[in-house]
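This is the structure I have questions about; it appears just below.
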């Protein structure tokens, strides 16, 4: 499905129009400075035939390539006198009317080339659209909807059916990132106030390379909170993201996404094919409520703009277009395990752990891998499992424990636990055991807790690469207090469990993240959290005596 938004400027207003192509501008400047094609091609290290094709309009330098900067630098260094400078200034005045005054001649040269590049690329797109008017199996004809005096509309090619989607009086253009985010929050608020059915979906596309000024992070966080509220009301969210190559940006996206997992209605996809609008555009589409389509911004995110649509016809068209992008350009970012697939999750967890590499764990209470075999079997027996399930759980535990002890000799293993879990264990005699059914509080005898803590001390003293840390509930930046589990195996996967409390118990959302960029981002988030923990809460010289004091307390209470 193709969508064309056509903006018609009043006749005589050419402030946004560049009427010289890239080839014409380049030819003019080379002529004014007496620079040959061969000289330029050698200077910027390209074949002279490429420069010739630029000048003749057969080729145009693509966006985000180094050619514009290289040409600018060479032309700037070859300006010899005021006459040549004047030629450049006159060309800048003719081509760059919308840019305003430039401070120096170099800025004017790059301004000319960028404007001409943009104009040439747009002309090429228009020409390609005209060429597609030829009838044929794949031919699609798009005509401008209505005349100059008709009601505004968007031209749409809907599977070969040519039609126009009428705009409403509420549709408008929003200027500025702050206003755009505020409008997005307004749409989400409207959705959160309505009960969503099984078919009610919020569509969001996000460009991980887009800049958001730091002062607006609070609005972005508010959007995330409202999105959670909408999912709690029954809305499903399809989230399409272009992942950034910048680890910090990817980690920021992951921090935004993790709190949304709890509802089990958040489905992110990453764009596998770039070079299309789906990769760079940003949209939020809520059928029955409205849509916002943010255009790819330039260098200054403060000056970005977006189309705001309330027209139900347009919103429906955008939703169908989003689904087409989803099927053609994306892959699921998270691999969800359905309810009842706990054993599959456990096997994938064991498979990821049984590989070389560092391992990082966040969990409310101690890992079952810190239990002795004797204690683990006692916990399993308390669950009254059928014999086949008991044997399968025992076998899986042995496999995981073997990998844990094997790779800990040569790789870094770090675990972060909640300090409250020690209170539960020592004072209340409760161990939080994570089974396929969810998190369960298991009662432990004092002597069993002593055996458990002594085994943890033995692991800390035996393995130099094994470290644990404790955090208070208020300092936890990875997940929530009781219901979040995350194991990151470097270069393999991030395995996540989120228990969502319901009246019927605590069913779990279980998933794996295996896209390499996000696995690395998961590790970066863990490293950041670890660095923020005070030394007294992670140094073995402090942790081991503290654990021994807990053992003494238990022994004195018997």
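Kindly provide the set of residues from the range 454-474 that are under 17 Å from residue 541 (Cβ atoms), in contact (Cβ under 8 Å) with a residue 12 or more places away in the chain and in a helix (DSSP H, G or I), ordered by number.
Result: 456, 457, 459, 460, 461.
Any residue in the range 374-397 that's on the phi > 0 side of the Ramachandran plot: show its pairings with residues that are outside any helix (DSSP H, G or I) at Cβ separation under 6 Å, as long as the two are six or more apart or on different chains.
none
Let me ask another. Restricting to the range 383-432, name every residue that is more than 30 Å from residue 542 (Cα to Cα) and assigned to a loop (DSSP other than H, G, I, E, B).
383, 384, 385, 386
Let's see how each residue does on (1) surrounded by fewer than 16 Cβ atoms within 10 Å (Cβ to Cβ); (2) closer than 15 Å to residue 116 by Cα:
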residue: 28; (1), (2): no, yes
residue: 31; (1), (2): yes, no
residue: 40; (1), (2): no, no
residue: 43; (1), (2): no, no
residue: 47; (1), (2): yes, no
residue: 52; (1), (2): yes, no
residue: 57; (1), (2): yes, yes
residue: 60; (1), (2): no, yes
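Here are some conditions: (1) under 30 Å from residue 407 (Cβ atoms); (2) exposed (fewer than 15 other Cβ atoms within 10 Å of the Cβ); (3) modelled with pLDDT under 85. Residue 356 meets all but one. Which one does it not meet?
(3)
Still on this structure, please answer the following. Please work out which one of (1) outside any loop (DSSP other than H, G, I, E, B); (2) within 26 Å of residue 234 (Cα to Cα); (3) modelled with pLDDT under 80 is the condition residue 163 fails and give its number.
So the condition that residue 163 fails would be (2).
Here is a list: 450, 422. Which entry is under 14 Å from residue 371 (Cα atoms), in the same structural domain as residue 511 (by TED's automatic domain parsing) and at pLDDT 90 or above?
450
Considering (1) touching a residue at least 40 places away in the same chain (Cβ under 8 Å); (2) within 26 Å of residue 348 (Cβ to Cβ), say which one residue 446 fails and leave the rest.
It fails just one condition, (2).
Something else now. Does residue 499 meet the test of being modelled with pLDDT of 90 or more, crowded, with 19+ Cβ neighbours inside 10 Å and not assigned by TED's automatic domain parsing to the domain that holds residue 251?
no
Which of the residues that make up the range 226-242 are part of a helix (DSSP H, G or I) and either touching a strand residue (DSSP E or B) at 6+ places or on another chain (Cβ under 8 Å) or closer than 18 Å to residue 334 by Cβ (or both)?
Passing the criteria: 227, 228, 230, 231.
Quick one: is residue 518 in the same structural domain as residue 456 (by TED's automatic domain parsing) and within 30 Å of residue 451 (Cα to Cα)?
Considered against the rule, which asks whether it is in the same structural domain as residue 456 (by TED's automatic domain parsing) and within 30 Å of residue 451 (Cα to Cα), residue 518 comes out as no.
Identify the single condition in (1) at pLDDT 90 or above; (2) within 21 Å of residue 525 (Cβ to Cβ) that residue 397 does not satisfy, given that it satisfies every other one.
The failed condition is (2).
Counting just the residues of the range 66-84 that are surrounded by fewer than 15 Cβ atoms within 10 Å (Cβ to Cβ) and assigned to a helix (DSSP H, G or I), which one comes out modelled with the lowest pLDDT?
Taking the candidates together, the pick is 83.
The values are calculated or read from the model by the stated rules, or taken from the named source; none is laboratory data. Predicted, not measured: the structure shown is a model, and the values here were computed from it. For neighbour counting, all protein chains shown are included, and Cβ atoms are generated from backbone atoms with ideal geometry for every residue, glycine included.
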